[in-house]
1. So, with +1 on the Cβ of K and R and -1 on the Cβ of D and E, and no other charges, what is the size of the charge dipole of the protein assembly as shown about its Cα centre, to the nearest 20 debye?
2. So for B:ILE54, B:ILE12, what's the accessible-area order with a 1.4 Å probe, most first?
3. At 7 angstrom along the Cα-to-beta-carbon line, where would the label on B:SER95 sit relative to the other copies? Give the distances in nm, shortest first.
4. Looking only at other chains, what is the average number of their beta-carbon atoms within 10 angstrom of each beta-carbon in B:205-217?
5. For the residue pair B:GLU51 and A:ASN34, what label-to-label distance in nm results when each label sits 7 Å from Cα along the Cα-to-beta-carbon direction?
6. At 37 °C and a viscosity of 0.692 mPa s, what translational diffusion coefficient does Stokes-Einstein give for the protein assembly as shown, taking Rh as the Kirkwood radius over Cα pairs? Give it in µm²/s as a whole number.
7. So the label point sits 7 Å from Cα along the Cα-to-Cβ vector; using that for B:LEU211, what distances do you get to the other copies, in nanometres, sorted shortest first?
8. Could you work out how far the C-alpha centroid of region B:58-77 sits from that of region A:75-103, in angstrom?
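The values are calculated or read from the model by the stated rules, or taken from the named source; none is laboratory data. As the structure is a computational prediction, the values presented were derived from the model and not from experiment. When we count neighbours, we look across all protein chains shown, and the Cβ atoms used for this are built from the backbone with ideal geometry, even at glycine. What goes into the accessible areas is simple: the full protein's heavy atoms, side chains included, and nothing from ligands, DNA or RNA. Shrake-Rupley method; radii C 1.70, N 1.55, O 1.52, S 1.80 Å.
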There are 2 protein chains.
Amino acid sequence: MRLALLGGTGDIGEGLALRWARDTDHDLVIGSRNAAKATRQADEYEAELTERGIEASISAGANDEAVKGADVVVLSVPPYYVTDTLEAVAETLPSDAVVVSPAVGIDTDEDGFHNDPPGVGSVTQLAAETVDNRVVGAFHNLPADRLSDLDADLGMDTLVVGSEDAKGLVASLADEIEGLRALDGGPLANAPEIEGLTPLLINVARYNDGLSHLGVRFT
Amino acid sequence: MRLALLGGTGDIGEGLALRWARDTDHDLVIGSRNAAKATRQADEYEAELTERGIEASISAGANDEAVKGADVVVLSVPPYYVTDTLEAVAETLPSDAVVVSPAVGIDTDEDGFHNDPPGVGSVTQLAAETVDNRVVGAFHNLPADRLSDLDADLGMDTLVVGSEDAKGLVASLADEIEGLRALDGGPLANAPEIEGLTPLLINVARYNDGLSHLGVRFT
(Lines give C-alpha, C1' and ligand atoms only; values in the text may rest on other atoms or scores of the structure.)
Protein backbone atom coordinates (compact mmCIF):
# COMPACT_ATOMS: atom_id res chain seq x y z
CA MET A 1 0.00 0.00 0.00
CA ARG A 2 1.23 3.50 -0.77
CA LEU A 3 0.98 5.99 2.08
CA ALA A 4 1.55 9.70 1.50
CA LEU A 5 2.31 11.84 4.54
CA LEU A 6 1.65 15.47 3.66
CA GLY A 7 3.41 17.79 6.02
CA GLY A 8 5.38 14.73 7.03
CA THR A 9 8.29 16.94 7.86
CA GLY A 10 7.25 17.57 11.43
CA ASP A 11 4.87 16.87 14.25
CA ILE A 12 2.99 13.61 14.02
CA GLY A 13 4.05 12.91 10.44
CA GLU A 14 7.59 12.17 11.50
CA GLY A 15 6.56 9.52 14.00
CA LEU A 16 4.09 7.89 11.65
CA ALA A 17 6.70 7.77 8.88
CA LEU A 18 9.39 6.28 11.14
CA ARG A 19 7.10 3.71 12.72
CA TRP A 20 5.40 2.63 9.48
CA ALA A 21 8.86 2.29 7.94
CA ARG A 22 10.02 0.17 10.86
CA ASP A 23 6.88 -1.88 11.48
CA THR A 24 5.42 -2.38 7.96
CA ASP A 25 6.32 -2.87 4.32
CA HIS A 26 4.17 -0.07 2.95
CA ASP A 27 5.58 2.40 0.43
CA LEU A 28 6.01 5.72 2.13
CA VAL A 29 6.23 9.13 0.56
CA ILE A 30 6.79 12.38 2.41
CA GLY A 31 5.08 15.45 0.96
CA SER A 32 5.71 19.08 1.72
CA ARG A 33 4.91 22.42 0.12
CA ASN A 34 8.67 22.56 -0.38
CA ALA A 35 9.91 19.50 -2.29
CA ALA A 36 13.52 19.99 -1.20
CA LYS A 37 12.46 20.03 2.43
CA ALA A 38 10.51 16.80 1.95
CA THR A 39 13.55 15.14 0.37
CA ARG A 40 15.84 16.30 3.16
CA GLN A 41 13.47 14.92 5.77
CA ALA A 42 13.00 11.59 3.99
CA ASP A 43 16.80 11.27 3.88
CA GLU A 44 17.01 11.96 7.61
CA TYR A 45 14.36 9.35 8.35
CA GLU A 46 16.19 6.81 6.22
CA ALA A 47 19.46 7.62 8.01
CA GLU A 48 17.86 7.17 11.41
CA LEU A 49 16.36 3.85 10.36
CA THR A 50 19.68 2.69 8.87
CA GLU A 51 21.38 3.41 12.20
CA ARG A 52 18.90 1.02 13.73
CA GLY A 53 19.64 -1.61 11.13
CA ILE A 54 16.37 -1.06 9.28
CA GLU A 55 16.48 -0.89 5.51
CA ALA A 56 13.85 1.59 4.37
CA SER A 57 13.30 3.57 1.23
CA ILE A 58 11.19 6.66 1.78
CA SER A 59 10.21 8.78 -1.21
CA ALA A 60 9.61 12.50 -1.14
CA GLY A 61 8.14 15.27 -3.22
CA ALA A 62 5.97 18.34 -3.32
CA ASN A 63 2.52 17.61 -1.92
CA ASP A 64 0.86 17.43 -5.35
CA GLU A 65 3.47 14.91 -6.51
CA ALA A 66 3.41 12.94 -3.27
CA VAL A 67 -0.30 12.10 -3.48
CA LYS A 68 -0.01 10.53 -6.96
CA GLY A 69 -0.88 6.86 -6.74
CA ALA A 70 -1.41 7.04 -2.99
CA ASP A 71 -3.90 4.71 -1.35
CA VAL A 72 -3.91 6.74 1.84
CA VAL A 73 -3.03 10.42 2.31
CA VAL A 74 -2.37 11.64 5.86
CA LEU A 75 -2.83 15.37 6.43
CA SER A 76 -0.13 15.91 9.01
CA VAL A 77 -0.44 19.67 8.83
CA PRO A 78 -1.63 22.34 11.26
CA PRO A 79 -5.43 22.61 11.30
CA TYR A 80 -5.48 25.95 9.51
CA TYR A 81 -3.63 24.39 6.54
CA VAL A 82 -6.00 21.45 6.06
CA THR A 83 -8.23 23.17 3.51
CA ASP A 84 -5.32 24.80 1.66
CA THR A 85 -3.40 21.57 1.49
CA LEU A 86 -6.35 19.61 0.13
CA GLU A 87 -7.09 22.30 -2.46
CA ALA A 88 -3.43 22.34 -3.55
CA VAL A 89 -3.48 18.61 -4.32
CA ALA A 90 -6.99 18.48 -5.83
CA GLU A 91 -5.69 17.87 -9.37
CA THR A 92 -3.51 14.88 -8.53
CA LEU A 93 -5.25 13.29 -5.55
CA PRO A 94 -6.60 9.90 -6.66
CA SER A 95 -10.37 9.85 -6.24
CA ASP A 96 -10.21 6.53 -4.41
CA ALA A 97 -7.48 7.62 -1.97
CA VAL A 98 -8.53 7.68 1.67
CA VAL A 99 -7.75 11.03 3.30
CA VAL A 100 -6.75 10.78 6.97
CA SER A 101 -7.09 13.82 9.24
CA PRO A 102 -5.12 13.82 12.53
CA ALA A 103 -5.11 17.62 13.14
CA VAL A 104 -6.78 19.30 16.10
CA GLY A 105 -7.56 22.98 16.66
CA ILE A 106 -6.07 24.03 19.97
CA ASP A 107 -6.16 27.35 21.75
CA THR A 108 -4.26 28.20 24.90
CA ASP A 109 -4.74 30.53 27.84
CA GLU A 110 -3.11 30.88 31.24
CA ASP A 111 -5.04 27.90 32.62
CA GLY A 112 -4.29 25.39 29.93
CA PHE A 113 -5.06 24.16 26.46
CA HIS A 114 -8.55 24.14 25.04
CA ASN A 115 -10.22 22.70 22.00
CA ASP A 116 -10.76 25.37 19.36
CA PRO A 117 -12.61 23.59 16.57
CA PRO A 118 -13.64 25.08 13.23
CA GLY A 119 -17.29 26.02 12.76
CA VAL A 120 -18.27 22.63 11.35
CA GLY A 121 -17.35 21.04 14.70
CA SER A 122 -13.99 19.39 14.06
CA VAL A 123 -11.00 19.51 11.74
CA THR A 124 -11.90 16.02 10.52
CA GLN A 125 -15.33 17.24 9.43
CA LEU A 126 -13.71 20.27 7.77
CA ALA A 127 -11.50 17.94 5.73
CA ALA A 128 -14.55 15.86 4.80
CA GLU A 129 -16.34 18.96 3.55
CA THR A 130 -13.36 19.99 1.42
CA VAL A 131 -12.92 16.85 -0.70
CA ASP A 132 -15.15 14.19 -2.24
CA ASN A 133 -12.75 11.47 -1.09
CA ARG A 134 -13.48 9.20 1.81
CA VAL A 135 -12.21 10.95 4.95
CA VAL A 136 -11.21 9.23 8.18
CA GLY A 137 -10.08 10.93 11.37
CA ALA A 138 -7.29 9.13 13.22
CA PHE A 139 -4.08 9.68 15.20
CA HIS A 140 -5.50 12.84 16.87
CA ASN A 141 -4.48 11.89 20.39
CA LEU A 142 -0.92 10.69 19.91
CA PRO A 143 2.03 12.52 21.49
CA ALA A 144 4.24 13.60 18.58
CA ASP A 145 7.59 13.55 20.38
CA ARG A 146 7.03 10.08 21.78
CA LEU A 147 5.77 8.78 18.46
CA SER A 148 8.98 10.00 16.79
CA ASP A 149 11.16 8.35 19.40
CA LEU A 150 11.54 4.78 18.22
CA ASP A 151 12.90 3.80 21.63
CA ALA A 152 9.64 4.85 23.29
CA ASP A 153 6.89 2.32 23.89
CA LEU A 154 3.42 3.45 22.97
CA GLY A 155 0.89 1.19 24.73
CA MET A 156 -1.95 3.50 23.79
CA ASP A 157 -5.09 3.76 21.71
CA THR A 158 -6.09 5.81 18.71
CA LEU A 159 -9.68 6.41 17.71
CA VAL A 160 -10.72 6.04 14.10
CA VAL A 161 -13.77 8.00 13.03
CA GLY A 162 -15.55 8.71 9.76
CA SER A 163 -16.17 6.99 6.45
CA GLU A 164 -17.57 3.51 7.18
CA ASP A 165 -15.94 1.88 4.15
CA ALA A 166 -12.49 3.28 4.89
CA LYS A 167 -12.24 3.14 8.68
CA GLY A 168 -11.21 -0.52 8.67
CA LEU A 169 -8.28 0.20 6.38
CA VAL A 170 -7.02 3.05 8.56
CA ALA A 171 -7.56 0.98 11.71
CA SER A 172 -5.37 -1.76 10.20
CA LEU A 173 -2.63 0.75 9.42
CA ALA A 174 -2.80 1.97 13.03
CA ASP A 175 -2.78 -1.55 14.46
CA GLU A 176 0.33 -2.34 12.42
CA ILE A 177 2.27 0.18 14.53
CA GLU A 178 3.68 -1.67 17.51
CA GLY A 179 1.98 -0.68 20.75
CA LEU A 180 -0.88 1.15 19.08
CA ARG A 181 -4.48 -0.11 19.22
CA ALA A 182 -7.13 1.31 16.91
CA LEU A 183 -10.65 1.67 18.26
CA ASP A 184 -13.76 2.67 16.35
CA GLY A 185 -14.99 6.15 17.26
CA GLY A 186 -18.15 5.95 15.14
CA PRO A 187 -19.27 8.34 12.40
CA LEU A 188 -17.77 11.74 11.55
CA ALA A 189 -20.25 13.44 13.88
CA ASN A 190 -18.29 11.98 16.81
CA ALA A 191 -15.02 13.63 15.78
CA PRO A 192 -15.45 16.70 18.06
CA GLU A 193 -15.23 14.63 21.25
CA ILE A 194 -12.13 12.86 19.91
CA GLU A 195 -10.36 16.07 18.96
CA GLY A 196 -11.29 17.54 22.35
CA LEU A 197 -9.22 14.86 24.05
CA THR A 198 -5.95 16.23 22.69
CA PRO A 199 -5.85 19.50 24.70
CA LEU A 200 -6.88 17.48 27.76
CA LEU A 201 -3.83 15.23 27.35
CA ILE A 202 -1.59 18.29 27.21
CA ASN A 203 -3.25 19.75 30.32
CA VAL A 204 -2.78 16.52 32.28
CA ALA A 205 0.90 16.39 31.33
CA ARG A 206 1.30 20.03 32.34
CA TYR A 207 -0.28 19.69 35.77
CA ASN A 208 1.20 16.37 36.89
CA ASP A 209 4.89 16.01 37.63
CA GLY A 210 6.41 12.98 36.04
CA LEU A 211 3.83 12.70 33.28
CA SER A 212 4.65 13.91 29.79
CA HIS A 213 3.95 13.06 26.16
CA LEU A 214 0.76 11.34 27.21
CA GLY A 215 -1.50 9.09 25.24
CA VAL A 216 -4.66 7.43 26.37
CA ARG A 217 -5.78 3.86 26.92
CA PHE A 218 -9.46 3.00 27.09
CA THR A 219 -9.77 0.40 29.79
CA MET B 1 -13.73 12.78 57.42
CA ARG B 2 -17.45 13.11 56.75
CA LEU B 3 -18.51 12.62 53.14
CA ALA B 4 -22.05 13.44 52.01
CA LEU B 5 -23.22 11.93 48.74
CA LEU B 6 -26.21 13.89 47.51
CA GLY B 7 -28.21 11.93 45.00
CA GLY B 8 -26.26 8.97 46.28
CA THR B 9 -29.17 6.75 45.45
CA GLY B 10 -28.10 6.09 41.91
CA ASP B 11 -25.56 6.49 39.18
CA ILE B 12 -22.04 7.27 40.35
CA GLY B 13 -23.07 7.95 43.96
CA GLU B 14 -23.75 4.28 44.56
CA GLY B 15 -20.28 3.18 43.47
CA LEU B 16 -18.53 5.93 45.39
CA ALA B 17 -20.48 5.05 48.55
CA LEU B 18 -19.77 1.32 48.27
CA ARG B 19 -16.10 1.77 47.49
CA TRP B 20 -15.43 4.44 50.11
CA ALA B 21 -17.21 2.22 52.64
CA ARG B 22 -15.05 -0.74 51.63
CA ASP B 23 -11.71 1.02 51.12
CA THR B 24 -11.73 3.78 53.76
CA ASP B 25 -12.88 4.65 57.27
CA HIS B 26 -14.65 7.88 56.37
CA ASP B 27 -18.14 8.61 57.68
CA LEU B 28 -20.58 8.34 54.81
CA VAL B 29 -24.01 9.86 54.55
CA ILE B 30 -26.39 9.39 51.64
CA GLY B 31 -28.61 12.35 50.79
CA SER B 32 -31.69 12.46 48.62
CA ARG B 33 -34.59 14.80 48.05
CA ASN B 34 -36.60 11.98 49.59
CA ALA B 35 -35.20 11.02 53.02
CA ALA B 36 -36.94 7.63 53.04
CA LYS B 37 -35.33 6.77 49.71
CA ALA B 38 -31.93 7.74 51.05
CA THR B 39 -32.42 5.51 54.11
CA ARG B 40 -33.56 2.59 51.99
CA GLN B 41 -30.51 2.92 49.77
CA ALA B 42 -28.08 3.25 52.69
CA ASP B 43 -29.59 0.05 54.14
CA GLU B 44 -29.09 -1.73 50.82
CA TYR B 45 -25.47 -0.61 50.62
CA GLU B 46 -24.85 -1.80 54.18
CA ALA B 47 -26.47 -5.15 53.37
CA GLU B 48 -24.29 -5.60 50.29
CA LEU B 49 -21.17 -4.75 52.27
CA THR B 50 -22.18 -7.11 55.10
CA GLU B 51 -22.53 -9.94 52.58
CA ARG B 52 -18.92 -9.27 51.69
CA GLY B 53 -17.89 -9.33 55.31
CA ILE B 54 -17.44 -5.59 55.52
CA GLU B 55 -18.80 -3.80 58.57
CA ALA B 56 -20.03 -0.39 57.48
CA SER B 57 -22.41 2.14 58.90
CA ILE B 58 -23.84 4.46 56.30
CA SER B 59 -26.09 7.30 57.41
CA ALA B 60 -28.90 8.80 55.37
CA GLY B 61 -31.19 11.78 55.27
CA ALA B 62 -32.78 14.47 53.19
CA ASN B 63 -30.14 16.47 51.30
CA ASP B 64 -30.32 19.45 53.67
CA GLU B 65 -29.78 17.15 56.66
CA ALA B 66 -27.10 15.10 54.94
CA VAL B 67 -24.77 18.05 54.33
CA LYS B 68 -24.68 19.07 58.03
CA GLY B 69 -21.16 18.69 59.34
CA ALA B 70 -19.90 17.35 56.02
CA ASP B 71 -16.29 17.98 55.02
CA VAL B 72 -16.98 17.00 51.43
CA VAL B 73 -20.29 17.05 49.55
CA VAL B 74 -20.50 15.13 46.29
CA LEU B 75 -23.23 16.26 43.87
CA SER B 76 -24.09 12.91 42.35
CA VAL B 77 -27.16 14.28 40.59
CA PRO B 78 -28.07 14.83 36.94
CA PRO B 79 -26.52 18.04 35.57
CA TYR B 80 -29.85 19.88 35.42
CA TYR B 81 -30.33 19.35 39.18
CA VAL B 82 -26.94 20.74 40.23
CA THR B 83 -28.16 24.30 40.78
CA ASP B 84 -31.43 23.23 42.43
CA THR B 85 -29.68 20.82 44.73
CA LEU B 86 -27.13 23.40 45.86
CA GLU B 87 -29.83 26.00 46.44
CA ALA B 88 -31.87 23.51 48.47
CA VAL B 89 -28.98 22.90 50.89
CA ALA B 90 -27.75 26.50 51.07
CA GLU B 91 -28.94 26.96 54.68
CA THR B 92 -27.18 23.92 56.11
CA LEU B 93 -24.13 23.50 53.88
CA PRO B 94 -21.04 24.23 56.00
CA SER B 95 -19.14 27.13 54.49
CA ASP B 96 -15.88 25.20 54.64
CA ALA B 97 -17.27 22.08 52.99
CA VAL B 98 -15.71 21.19 49.66
CA VAL B 99 -18.33 20.66 46.96
CA VAL B 100 -17.45 17.99 44.39
CA SER B 101 -19.10 18.01 40.98
CA PRO B 102 -18.98 14.79 38.91
CA ALA B 103 -21.94 15.51 36.58
CA VAL B 104 -21.66 15.94 32.81
CA GLY B 105 -24.17 17.33 30.33
CA ILE B 106 -24.68 14.79 27.58
CA ASP B 107 -26.85 14.90 24.50
CA THR B 108 -27.43 12.05 22.10
CA ASP B 109 -28.22 11.66 18.44
CA GLU B 110 -28.20 8.75 16.00
CA ASP B 111 -24.39 8.88 15.72
CA GLY B 112 -23.50 8.86 19.36
CA PHE B 113 -23.23 10.84 22.54
CA HIS B 114 -22.05 14.43 22.62
CA ASN B 115 -21.05 16.89 25.27
CA ASP B 116 -23.84 19.34 25.96
CA PRO B 117 -22.39 21.74 28.53
CA PRO B 118 -24.21 24.62 30.21
CA GLY B 119 -23.48 28.14 28.98
CA VAL B 120 -20.65 28.69 31.45
CA GLY B 121 -18.69 25.88 29.79
CA SER B 122 -19.06 22.95 32.16
CA VAL B 123 -21.27 21.62 34.95
CA THR B 124 -18.33 21.99 37.34
CA GLN B 125 -18.12 25.70 36.55
CA LEU B 126 -21.90 25.99 36.97
CA ALA B 127 -21.61 24.51 40.46
CA ALA B 128 -18.79 26.92 41.26
CA GLU B 129 -20.94 29.86 40.21
CA THR B 130 -23.82 28.69 42.40
CA VAL B 131 -22.07 28.48 45.79
CA ASP B 132 -19.33 30.35 47.62
CA ASN B 133 -17.80 27.05 48.76
CA ARG B 134 -14.67 25.66 47.25
CA VAL B 135 -15.72 23.55 44.24
CA VAL B 136 -13.74 20.69 42.75
CA GLY B 137 -14.66 18.68 39.68
CA ALA B 138 -13.87 14.95 39.91
CA PHE B 139 -15.18 11.48 39.05
CA HIS B 140 -16.62 12.72 35.71
CA ASN B 141 -15.20 9.93 33.61
CA LEU B 142 -15.97 6.87 35.71
CA PRO B 143 -18.35 4.16 34.48
CA ALA B 144 -21.18 4.03 37.04
CA ASP B 145 -22.10 0.34 36.63
CA ARG B 146 -18.52 -0.81 36.97
CA LEU B 147 -17.90 1.48 39.92
CA SER B 148 -20.92 -0.04 41.72
CA ASP B 149 -19.72 -3.57 41.05
CA LEU B 150 -17.29 -4.29 43.88
CA ASP B 151 -16.02 -7.34 41.99
CA ALA B 152 -14.89 -5.15 39.10
CA ASP B 153 -11.34 -3.85 38.95
CA LEU B 154 -10.98 -0.20 38.06
CA GLY B 155 -7.39 0.41 36.92
CA MET B 156 -8.30 3.86 35.67
CA ASP B 157 -7.73 7.56 36.26
CA THR B 158 -9.94 10.39 37.40
CA LEU B 159 -9.11 14.03 36.80
CA VAL B 160 -9.44 16.53 39.61
CA VAL B 161 -10.02 20.13 38.57
CA GLY B 162 -10.83 23.37 40.34
CA SER B 163 -10.14 25.03 43.67
CA GLU B 164 -6.37 24.87 44.31
CA ASP B 165 -6.71 24.54 48.10
CA ALA B 166 -9.24 21.70 47.90
CA LYS B 167 -8.03 19.62 44.95
CA GLY B 168 -5.48 17.77 47.05
CA LEU B 169 -8.13 16.63 49.51
CA VAL B 170 -10.39 15.32 46.74
CA ALA B 171 -7.43 13.68 45.00
CA SER B 172 -6.64 11.84 48.23
CA LEU B 173 -10.22 10.63 48.53
CA ALA B 174 -10.02 9.36 44.95
CA ASP B 175 -6.65 7.68 45.48
CA GLU B 176 -8.06 5.86 48.50
CA ILE B 177 -10.37 3.94 46.19
CA GLU B 178 -8.55 0.81 45.08
CA GLY B 179 -7.58 0.92 41.43
CA LEU B 180 -8.32 4.61 41.00
CA ARG B 181 -5.58 7.18 40.36
CA ALA B 182 -6.27 10.89 40.72
CA LEU B 183 -4.53 13.27 38.34
CA ASP B 184 -4.55 17.05 38.44
CA GLY B 185 -6.59 18.60 35.62
CA GLY B 186 -5.64 22.17 36.47
CA PRO B 187 -7.98 25.09 37.19
CA LEU B 188 -11.76 25.18 36.72
CA ALA B 189 -11.30 26.59 33.21
CA ASN B 190 -10.07 23.15 32.14
CA ALA B 191 -13.27 21.38 33.21
CA PRO B 192 -14.90 21.49 29.73
CA GLU B 193 -12.28 19.19 28.19
CA ILE B 194 -12.65 16.78 31.11
CA GLU B 195 -16.43 16.64 30.91
CA GLY B 196 -16.15 16.19 27.13
CA LEU B 197 -14.33 12.91 27.69
CA THR B 198 -17.41 11.23 29.17
CA PRO B 199 -19.54 11.07 25.98
CA LEU B 200 -16.42 9.90 24.14
CA LEU B 201 -16.07 6.94 26.51
CA ILE B 202 -19.70 5.99 25.85
CA ASN B 203 -19.16 6.25 22.09
CA VAL B 204 -16.08 4.05 22.20
CA ALA B 205 -17.97 1.41 24.19
CA ARG B 206 -20.86 1.58 21.73
CA TYR B 207 -18.76 1.14 18.59
CA ASN B 208 -16.32 -1.54 19.77
CA ASP B 209 -17.49 -5.06 20.47
CA GLY B 210 -16.17 -6.38 23.74
CA LEU B 211 -15.62 -2.99 25.31
CA SER B 212 -18.10 -1.65 27.84
CA HIS B 213 -18.22 0.45 31.00
CA LEU B 214 -14.99 2.13 29.95
CA GLY B 215 -12.71 4.34 31.94
CA VAL B 216 -9.52 5.94 30.82
CA ARG B 217 -5.87 5.63 31.73
CA PHE B 218 -3.41 8.37 30.85
CA THR B 219 -0.26 6.62 29.82
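1. In total the dipole reaches around 40 debye.
2. Result, largest first: B:ILE54, B:ILE12.
3. Relative to the other copies, B:SER95 has label-point distances of 7.3 nm.
4. 4
5. 6.8
6. D, rounded to a whole number, is 143 µm²/s.
7. List, nearest first: 1.9 nm.
8. A separation of 54 Å, based on Cα centres.
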